[in-house]
Amino acid sequence: MAAAWPDDRIVFSGEAEHVALVRAEFLERTPEARPGGQIEWRVADVPPLQPSGWPRFRADWRCHQQALQDLVSSRARFLLLCSASQTGLLATKLLMQKKHHAGRPVWILMHAMLSLIRGRWPRRLWNVPMHPRILLGTRDPAELRYLVLGPSIHAELARSLPQRISQFDWIHAPYVFAARHPEIPAEAPDPICFGYFGVSIARPKGFGSFLRMAAELHRAHPRSRFSHVGFVLDRRGLDLRHARVADLSFEPLTTAEYRRRALAATYAVAFTDPDHYRLTASASFLDALGHARPGLYLRNPYVEHYFQQIGDIGYLCNSYDEIRDLAAQLLERFPSERYRRQVENILDGRECFRPEAVARRLRMIMEPHLSREG
């Protein structure tokens, strides 16, 4: 936002802990980006994640009503909601139908909710109005629009909700990369390390498959290393008793520790559910690119798009066996020259995720809908 509208005042609102985290990260990573005082940091009364469903609706109504009131009273040109629950989206649509936004444009950045479009209908009839296929498939106020995090997601939405696609635009997921590029090994690292990036649950993240691969390959390649670049969020369905994975953690990592583990990995490995990532961006994929690590990926539409756009940034595989066998080949004969090219492709191709690049597209999308009134 700051890069898209460098001369405008920006108000960032959220729960206290989140505002403090974003502010600290922003000032650390982009100290020269803005003169002091042009971003206002506000604490908002954001409902907790639980309870969900109708018990949360009243709290979401109050929260989104306040956001729209602030939009109007501050004479802002637009409101961007960086996420929304199902009840929050329903509240926003109803409030805008009642003209609480005074005709000003509102965008909602869509995340995991989109993956539920393809899910089952609720068993309880009173929850049907909150199903994403209903929420996103019915007419919106004219000033309400949506952003999704990638062209492949937008293309899938065009197939899933063709009658509504005109309300959706896409941007690449913004990512702030470290100033220094990682070193590229001239020969096979010792040991070669395969890293699982992100939080760990059995499904849809596929951490159980990573544990299985580590156990199977370690027997034939005892010097191989398997690292968890993240933490275990949910142990259900995971057998950790004899795990051959180093660095298992059960609490969120510090930024420094996450970066240490990421840079120690030679390759990223992902067994994420391909169907889930038809409509959802992958933060772990972006982290792998952020640390310039080629990957072994179970083929999915989101990652496959960036292979087509950027080039050779790793390997797309069609099954668990294919990833495991490929990892074994890399352990037996490390392709130094191809690895160097893969890292260079990542460093060149990931520029589309930089905030400055995303800002140009964001401004192109939004400006036609904005009034000059301030």
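The values are calculated or read from the model by the stated rules, or taken from the named source; none is laboratory data. On a predicted model such as this, the values are computed, not experimentally measured, just so you know. Don't worry about glycine lacking a Cβ; one is built from the backbone with ideal geometry, like all the others, and counts go over all protein chains shown.
Within region 218-236, the set of residues being closer than 10 Å to Asp247 by Cβ and in a loop (DSSP other than H, G, I, E, B) comprises Gly230, Phe231. Counting the residues of region 315-334 that are closer than 18 Å to Leu211 by Cβ, in a helix (DSSP H, G or I) and polar (S, T, N, Q) gives 0. Considering the conditions (1) in a loop (DSSP other than H, G, I, E, B); (2) at pLDDT 90 or above, Arg212 is excluded by exactly one of them, (1). Selection of region 202-224 for residues being over 18 Å from Asp321 (Cβ atoms) and either among the polar types (S, T, N, Q) or over 27 Å from the mean Cα position of the chain (by Cα) (or both) yields Pro222, Arg223.
Applying the condition of being out of contact with any Ser or Thr (no Cβ under 9 Å at 6 or more places or on another chain) and of a type in the set (Lys, Arg) to region 240-259 and asking which residue is surrounded by the fewest Cβ atoms within 10 Å (Cβ to Cβ) yields Arg241.
Filtering region 315-374 to residues that are polar (S, T, N, Q), closer than 20 Å to Phe285 by Cα and out of contact with any helix residue (DSSP H, G or I) (no Cβ under 9 Å at 6 or more places or on another chain) leaves Asn318, Ser319, Gln342. Among the residues of region 78-127, those identified as of a type in the set (Val, Ile, Thr), out of contact with any Asp or Glu (no Cβ under 8 Å at 6 or more places or on another chain) and at pLDDT 95 or above are Thr92, Ile108. If you go through region 124-179 and keep only what is closer than 19 Å to Met1 by Cβ and of a type in the set (Asp, Glu), you end up with Glu143, Asp169. Across region 18-47, the number of residues qualifying as surrounded by fewer than 15 Cβ atoms within 10 Å (Cβ to Cβ), modelled with pLDDT under 85 and assigned to a loop (DSSP other than H, G, I, E, B) comes to 7. Restricting the first member to region 262-288 and to residues that are among the charged types (D, E, K, R), and the second to residues that are part of a loop (DSSP other than H, G, I, E, B), the beta-carbon pairs closer than 6 Å and six or more apart or on different chains are Asp273/Pro204. Of all the residues in region 262-284, those that are part of a helix (DSSP H, G or I), crowded, with 21+ Cβ neighbours inside 10 Å and not hydroxyl-bearing (Ser, Thr, Tyr) number 2. Listed conditions (1) assigned to a helix (DSSP H, G or I); (2) exposed (fewer than 14 other Cβ atoms within 10 Å of the Cβ); (3) among the hydrophobic types (A, V, I, L, M, F, W, C) are all met by Leu68, apart from (2). Taken as a whole, the condition of being closer than 15 Å to Tyr267 by Cα, of a type in the set (D, E, K, R) and surrounded by 15 or more Cβ atoms within 10 Å (Cβ to Cβ) applies to Asp287.
There is at least one residue in region 355-366 that is among the β-branched types (Val, Ile, Thr) and outside the structural domain of Gly230 (by TED's automatic domain parsing).
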